[in-house]
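One structure below.
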Amino acid sequence: MKKSILRNISPTVIALGAVSFLTDLSSEMIYPLLPLFLTTVLGAGAFVIGLIEGIAEMTASVFKIISGYLTDRSGRRRPYVVWGYTLSSMARPVIGLVRLWPLVLVIRFVDRIGKGVRTSPRDALIADVTDLRFRGWAYGFHRAMDHAGAIAGPLVAVLLLKGFDVSLRTVFLLSALPAAVVVLVVMIFVKERKPVRAKRDDAASESGEKESSTPQTPDRGTEQGSLKDFRLFMFAVVIFTLGNSTDAFLLLRLNHAGVDETGVALLWSGFHVVKMFSTLLGGRISDRVGRKPMVITGWIYYAAIYLLFAFLETRGMLITTFLLYGLYFGLTEPVERAWVASLVPQRLRGRAFGYYNGAVGIASLPASLIFGLIWQKWGYEYAFVTGGLFALLGCVLISGVKEERRAGV
């Protein structure tokens with residue numbers, strides 16, 4: 001990208017984007033192949049796969065809440081980011097050495113601790129070093145780099161497996177290479193800004209790293225008003241998430257419509273391409289039009305996609321709908337994070353991201369259970385309709401959350 005495109009993005013955010021790209025490159029070399037490795041190499045069954053991933057994701061969610069609280073108590077972001085990425089980067093490739101599936105559970109547990117430790121402090125750090133007017137753009141850039149890594153990882157794995165005829169174990173071990181670069185980048189290039197005091201906004205640029213050529217724009221509202229809005233925001237997010245089940249159900253629906261395993265894998269990669277470009281643009285657009293209209297539009301769009309998945313029958317239409325689903329992430333992923341950052345005082349920002357990330361992760365478990373039970377008992381049509389209704393209810397709730405005041409508006 002040209003320098004002019006990134007002029008409003010902090011060097012630290014650019015470094016975090018590179019770190020997310022490399023981290024997803026490393027993890028996605030492993031993740032799509034892990035079920036195959038567990039079943040064909042280690043002899044584990046479907047229950048074991050569910051057990052490992054359920055424990056892993058719940059662990060990440062809990063530690064996102066804990067790290068958000070601790071980063072505010074300590075007033076530091078960078079140590080949690082460094083240690084979180086380092087822990088995951090060191091643990092993940094070790095899967096290639098194990099001989100028993102319980103060791104995979106231990107490694108995934110450690111890996112997800114690392115993810116939980118870094119996520120909330122990282123999201124708070126992005127807000128700390130970014131002017132309010134450009135936060136959507138900053139979060140959009142970061143999420144786009146994350147999705148780019150998710151595109152590259154499986155492609156690299158396929159190249160190694162098919163082009164160089166290496167084993168699954170070797171692919172896992174080679175994932176240590178981008179993981180090692182992650183540790184170097186995060187330790188050298190990720191900086192943090194010292195806390196900005198309410199009466200010393202003009203002095204903030206003199207402390208820590210000089211992150212932007214534009215001055216920081218103060219966050220809106222009184223503390224009590226902001227926290228009230230944040231609680232309503234969180235309630236709306238939880239309600240929406242209860243209808244936001246795992247995307248594996250969408251892939252299963254495609255498979256039932258006649259898309260084979262290879263087609264599903266290719267669609268998954270194409271889906272991440274759409275997500276990458278949509279998150280890059282969506283965050284930037286939200287800086288101009290506001291967070292609330294973007295999120296409400298995104299949730300309504302999500303409901304429409306789920307209703308289409310409920311009633312469409314032809315394979316071509318379902319494939320098109322699945323790829324268009326990627327636009328939803330651009331309307332919401334960076335925008336929700338930018339909105340969270342402005343709903344609370346800076347001293348509570350890490351905690352807010354902890355609650356946000358943790359709630360989304362924890363609510364995802366019952367969301368998938370509810371969806372799966374409805375599908376199994378009444379059919380996929382009712383499951384997708386239920387997900388759409390949860391999304392629309394979330395829209396009603398979040399419409400009561402106040403928008404932050406943006407510079408020049």
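The values are calculated or read from the model by the stated rules, or taken from the named source; none is laboratory data. Here the structure is a predicted model, which is why all the values come from computation and not from measurement. Cβ: placed from backbone, ideal geometry, glycine included. Neighbour counts: every protein chain shown.
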Legend entry - residue 277 being out of contact with any His (no Cβ under 9 Å at 6 or more places or on another chain) and either closer than 26 Å to residue 139 by Cα or assigned by TED's automatic domain parsing to the domain that holds residue 360 (or both): no
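Residue by residue, here is whether (1) surrounded by fewer than 18 Cβ atoms within 10 Å (Cβ to Cβ); (2) within 21 Å of residue 358 (Cβ to Cβ) holds:
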{"residue": "16", "(1), (2)": "no, yes"}
{"residue": "21", "(1), (2)": "no, no"}
{"residue": "71", "(1), (2)": "no, yes"}
{"residue": "83", "(1), (2)": "yes, yes"}
{"residue": "99", "(1), (2)": "yes, no"}
{"residue": "102", "(1), (2)": "yes, no"}
{"residue": "115", "(1), (2)": "no, yes"}
Legend entry - Residue ID - modelled with the lowest pLDDT, chosen from residues in the stretch 327-360 that are closer than 16 Å to residue 146 by Cβ and in contact with a Ser or Thr (Cβ under 6 Å, 6 or more places away or on another chain): 360
Legend entry - Within the stretch 141-162, tally of residues that are at pLDDT below 85 and farther than 14 Å from residue 175 by Cβ: 1
Inset, instruction - Name the one entry in 369, 365, 373 that is more than 28 Å from residue 116 (Cα to Cα), of a type in the set (A, V, I, L, M, F, W, C) and surrounded by fewer than 21 Cβ atoms within 10 Å (Cβ to Cβ). - result: 373
Legend entry - Scan of the stretch 87-137 for residues that are outside any helix (DSSP H, G or I) and β-branched (Val, Ile, Thr), ordered by number: 98, 129, 130
Legend entry - Residue that is surrounded by fewer than 22 Cβ atoms within 10 Å (Cβ to Cβ) and either in the same structural domain as residue 117 (by TED's automatic domain parsing) or out of contact with any strand residue (DSSP E or B) (no Cβ under 6 Å at 6 or more places or on another chain) (or both), where the choices are 53, 28: 53
Legend entry - Residue check, residue 289 surrounded by fewer than 18 Cβ atoms within 10 Å (Cβ to Cβ) and over 20 Å from residue 343 (Cβ atoms): no
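Just wondering, is there one or more residues in the stretch 283-298 that are within 16 Å of the chain's Cα centre (by Cα), modelled with pLDDT under 95, of a type in the set (Gly, Ala, Ser) and more than 14 Å from residue 388 (Cβ to Cβ)?
The first filter runs over the stretch 283-298 and keeps only residues within 16 Å of the chain's Cα centre (by Cα), leaving 283, 295, 298.
With the extra rule that they be modelled with pLDDT under 95, the set shrinks to 283.
Among the residues that remain, those that are also of a type in the set (Gly, Ala, Ser) are: 283.
Next, only the ones that are more than 14 Å from residue 388 (Cβ to Cβ) stay: 283.
Within the stretch 283-298 (the criterion being within 16 Å of the chain's Cα centre (by Cα), modelled with pLDDT under 95, of a type in the set (Gly, Ala, Ser) and more than 14 Å from residue 388 (Cβ to Cβ)), the answer is yes, since at least one residue qualifies.
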